[in-house]
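Just so it is clear, none of the values below were taken in a lab; they were calculated from the coordinates. All values reported here derive from a predicted model rather than from experimental measurement. Neighbour counts run over all protein chains shown; Cβ positions are idealised from the backbone, glycine included.
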Amino acid sequence: MATKIDNINIGLDMLLEDSSVPRNIRRASEEIKALLVDANEPMDVRKARAISTLDDMANDPNIPLHGRTLVWNIMSQLETL
């Protein structure tokens, strides 16, 4: 499971480093990274909150197409946890 989370974090890092992605999307990516490593909550709760945030990000009209595709990819990886 740690490698799956590492792969998810790599995708989130890609969003964080992309200057064409709006700031609110990059901020949400950072929040998801912090959420996934928070051991105070059960994994299913962390996963559900992350997927909900990612869904909001994917529906943002300002996100570029490549960013939306990356968000969908991250969501699909999260669903396999």
Residues (in a helix (DSSP H, G or I) and either polar (S, T, N, Q) or more than 12 Å from the chain's Cα centre (by Cα) (or both)) located in the range 19-36: Arg23, Asn24, Ser29
Long-range neighbours under 8 Å by Cβ, at least six apart or interchain, first residue over 12 Å from Ile32 (Cα atoms) and in contact (Cβ under 8 Å) with a residue 12 or more places away in the chain within the range 5-21, second part of a helix (DSSP H, G or I) and of a type in the set (A, V, I, L, M): Met14/Leu70; Val21/Leu15
